[in-house]
Amino acid sequence: MEPIETTLGILLRQKGLTLSLAESCTGGLVADRLTNIPGSSEYLLGGIVAYAYEAKVALLGVSWNTLHAHGAVSRETVLEMALGARQAFNAHLALSISGVAGPGGGMPGKPVGYTWFGLATPQGTWARNFTWNADRRANKAASAEAALQFLLDYLQNPANLA
(Lines give C-alpha, C1' and ligand atoms only; values in the text may rest on other atoms or scores of the structure.)
Protein backbone atom coordinates (compact mmCIF):
# COMPACT_ATOMS: atom_id res chain seq x y z
CA MET A 1 0.00 0.00 0.00
CA GLU A 2 1.25 3.47 -0.90
CA PRO A 3 1.94 6.03 1.79
CA ILE A 4 -0.88 8.54 2.18
CA GLU A 5 1.39 11.36 0.99
CA THR A 6 1.87 9.58 -2.37
CA THR A 7 -1.90 9.33 -2.84
CA LEU A 8 -2.29 12.99 -1.88
CA GLY A 9 0.31 14.01 -4.43
CA ILE A 10 -1.47 12.11 -7.18
CA LEU A 11 -4.84 13.65 -6.29
CA LEU A 12 -3.49 17.20 -5.93
CA ARG A 13 -1.80 16.93 -9.35
CA GLN A 14 -4.90 15.42 -11.00
CA LYS A 15 -7.11 18.18 -9.62
CA GLY A 16 -4.58 20.94 -10.30
CA LEU A 17 -4.66 22.10 -6.68
CA THR A 18 -2.00 23.74 -4.55
CA LEU A 19 -1.53 23.32 -0.83
CA SER A 20 -0.05 25.33 2.01
CA LEU A 21 0.45 24.40 5.66
CA ALA A 22 0.25 26.02 9.07
CA GLU A 23 1.79 23.74 11.67
CA SER A 24 2.18 24.24 15.39
CA CYS A 25 2.51 21.07 17.50
CA THR A 26 3.75 18.98 14.57
CA GLY A 27 6.71 21.32 14.04
CA GLY A 28 6.91 20.71 10.30
CA LEU A 29 6.25 16.94 10.27
CA VAL A 30 3.42 17.29 7.73
CA ALA A 31 5.67 19.31 5.41
CA ASP A 32 8.43 16.75 5.93
CA ARG A 33 6.19 13.88 4.92
CA LEU A 34 4.82 15.67 1.87
CA THR A 35 8.27 16.75 0.68
CA ASN A 36 9.51 13.15 0.86
CA ILE A 37 7.59 12.66 -2.39
CA PRO A 38 9.55 13.60 -5.52
CA GLY A 39 7.84 16.41 -7.43
CA SER A 40 5.91 17.67 -4.42
CA SER A 41 6.93 21.24 -5.33
CA GLU A 42 4.27 21.03 -8.05
CA TYR A 43 1.52 21.26 -5.44
CA LEU A 44 3.04 22.10 -2.04
CA LEU A 45 3.71 25.83 -2.05
CA GLY A 46 5.06 26.07 1.50
CA GLY A 47 4.34 25.98 5.16
CA ILE A 48 4.66 28.02 8.29
CA VAL A 49 5.61 26.53 11.65
CA ALA A 50 3.96 28.97 14.04
CA TYR A 51 4.50 27.67 17.55
CA ALA A 52 4.19 30.80 19.67
CA TYR A 53 1.12 33.02 19.87
CA GLU A 54 3.17 35.87 18.39
CA ALA A 55 4.02 33.78 15.32
CA LYS A 56 0.41 32.75 14.82
CA VAL A 57 -0.60 36.42 14.88
CA ALA A 58 2.28 37.87 12.82
CA LEU A 59 2.62 35.14 10.20
CA LEU A 60 -0.89 33.69 9.91
CA GLY A 61 -3.12 36.58 10.91
CA VAL A 62 -4.68 34.78 13.87
CA SER A 63 -6.52 37.28 16.04
CA TRP A 64 -5.25 38.00 19.54
CA ASN A 65 -8.91 37.97 20.58
CA THR A 66 -9.30 34.42 19.29
CA LEU A 67 -6.17 33.26 21.11
CA HIS A 68 -7.20 34.90 24.39
CA ALA A 69 -10.80 33.67 24.18
CA HIS A 70 -10.19 30.12 22.92
CA GLY A 71 -6.46 29.36 23.21
CA ALA A 72 -4.03 28.11 20.59
CA VAL A 73 -5.55 24.64 20.64
CA SER A 74 -9.07 25.36 19.47
CA ARG A 75 -11.37 25.08 16.49
CA GLU A 76 -11.39 28.84 16.10
CA THR A 77 -7.61 29.14 16.06
CA VAL A 78 -6.94 26.33 13.57
CA LEU A 79 -9.52 27.77 11.18
CA GLU A 80 -7.82 31.17 11.35
CA MET A 81 -4.44 29.48 10.90
CA ALA A 82 -5.66 27.64 7.79
CA LEU A 83 -7.19 30.77 6.30
CA GLY A 84 -3.97 32.67 7.01
CA ALA A 85 -1.79 30.01 5.37
CA ARG A 86 -4.08 29.86 2.35
CA GLN A 87 -3.79 33.62 1.94
CA ALA A 88 -0.05 33.80 2.67
CA PHE A 89 0.78 31.36 -0.11
CA ASN A 90 -2.19 32.08 -2.40
CA ALA A 91 -2.94 28.35 -2.31
CA HIS A 92 -6.13 26.56 -3.23
CA LEU A 93 -6.05 24.58 0.03
CA ALA A 94 -4.48 25.03 3.45
CA LEU A 95 -4.17 22.61 6.31
CA SER A 96 -3.46 23.61 9.92
CA ILE A 97 -2.62 21.74 13.13
CA SER A 98 -2.43 22.87 16.76
CA GLY A 99 -2.31 20.59 19.76
CA VAL A 100 -0.91 19.68 23.16
CA ALA A 101 1.93 17.29 22.28
CA GLY A 102 2.95 16.66 25.90
CA PRO A 103 4.20 15.56 28.26
CA GLY A 104 3.20 18.85 29.93
CA GLY A 105 0.83 21.58 28.88
CA GLY A 106 -2.41 19.72 29.42
CA MET A 107 -5.26 21.35 31.30
CA PRO A 108 -8.92 20.60 32.07
CA GLY A 109 -10.76 20.25 28.76
CA LYS A 110 -7.47 20.18 26.82
CA PRO A 111 -5.47 17.19 28.01
CA VAL A 112 -2.11 16.09 26.63
CA GLY A 113 -2.73 14.73 23.14
CA TYR A 114 -5.68 17.06 22.44
CA THR A 115 -5.29 18.34 18.87
CA TRP A 116 -7.30 20.42 16.41
CA PHE A 117 -7.01 20.38 12.61
CA GLY A 118 -8.27 23.03 10.20
CA LEU A 119 -8.81 22.93 6.46
CA ALA A 120 -9.48 26.00 4.30
CA THR A 121 -10.67 25.51 0.72
CA PRO A 122 -12.50 27.53 -1.92
CA GLN A 123 -15.69 25.74 -0.77
CA GLY A 124 -15.32 26.67 2.90
CA THR A 125 -13.58 25.66 6.10
CA TRP A 126 -13.75 22.57 8.27
CA ALA A 127 -12.21 21.48 11.55
CA ARG A 128 -11.67 18.19 13.34
CA ASN A 129 -10.19 17.24 16.66
CA PHE A 130 -8.72 14.16 18.26
CA THR A 131 -7.08 13.27 21.54
CA TRP A 132 -4.05 10.99 21.37
CA ASN A 133 -2.86 9.01 24.35
CA ALA A 134 0.86 8.55 23.82
CA ASP A 135 4.19 10.26 24.35
CA ARG A 136 5.22 13.51 22.64
CA ARG A 137 6.77 11.95 19.53
CA ALA A 138 3.88 9.54 19.02
CA ASN A 139 1.32 12.32 19.53
CA LYS A 140 3.10 14.43 16.91
CA ALA A 141 3.25 11.51 14.47
CA ALA A 142 -0.44 10.71 15.01
CA SER A 143 -1.30 14.37 14.43
CA ALA A 144 0.67 14.48 11.16
CA GLU A 145 -1.08 11.31 9.97
CA ALA A 146 -4.53 12.65 10.94
CA ALA A 147 -3.85 15.93 9.13
CA LEU A 148 -2.92 14.07 5.94
CA GLN A 149 -6.03 11.89 6.31
CA PHE A 150 -8.20 15.01 6.71
CA LEU A 151 -6.85 16.35 3.42
CA LEU A 152 -7.33 12.98 1.73
CA ASP A 153 -10.94 12.82 2.93
CA TYR A 154 -11.56 16.25 1.38
CA LEU A 155 -9.90 15.39 -1.92
CA GLN A 156 -11.74 12.09 -2.25
CA ASN A 157 -15.18 13.47 -1.37
CA PRO A 158 -15.62 17.05 -0.10
CA ALA A 159 -19.31 16.40 0.60
CA ASN A 160 -18.35 13.99 3.39
CA LEU A 161 -16.86 16.85 5.42
CA ALA A 162 -20.08 18.84 5.53
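The values are calculated or read from the model by the stated rules, or taken from the named source; none is laboratory data. This structure is a prediction, so every number in the text was calculated from the model and none was measured. A quick note on method: Cβ atoms are made from the backbone with ideal geometry, for glycine too, and the neighbour counts reach across all protein chains shown.
Looking at residue 134, is it outside any strand (DSSP E or B), modelled with pLDDT under 95 and either aromatic (Phe, Trp, Tyr) or in contact with a Lys or Arg (Cβ under 7 Å, 6 or more places away or on another chain) (or both)?
Judged against the criteria, residue 134 is not a match.
Restricted to region 22-129, the set of strands (runs of 3 or more DSSP E) holding at least 2 residues that are under 15 Å from the mean Cα position of the chain (by Cα) and β-branched (Val, Ile, Thr) comprises 44-49, 114-121.
Residue-wise test of (1) in contact with a Ser or Thr (Cβ under 9 Å, 6 or more places away or on another chain); (2) among the small types (Gly, Ala, Ser); (3) buried (at least 20 other Cβ atoms within 10 Å of the Cβ).
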position: 131; (1), (2), (3): yes, no, no
position: 140; (1), (2), (3): yes, no, yes
position: 149; (1), (2), (3): no, no, no
position: 153; (1), (2), (3): no, no, no
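In the condition set (1) in contact (Cβ under 8 Å) with a residue 60 or more places away in the chain; (2) within 21 Å of residue 122 (Cβ to Cβ), residue 60 is compliant with all but (1).
Does residue 5 satisfy being in contact (Cβ under 8 Å) with a residue 40 or more places away in the chain, among the acidic types (Asp, Glu), assigned to a helix (DSSP H, G or I) and touching a helix residue (DSSP H, G or I) at 6+ places or on another chain (Cβ under 8 Å)? In short, yes.
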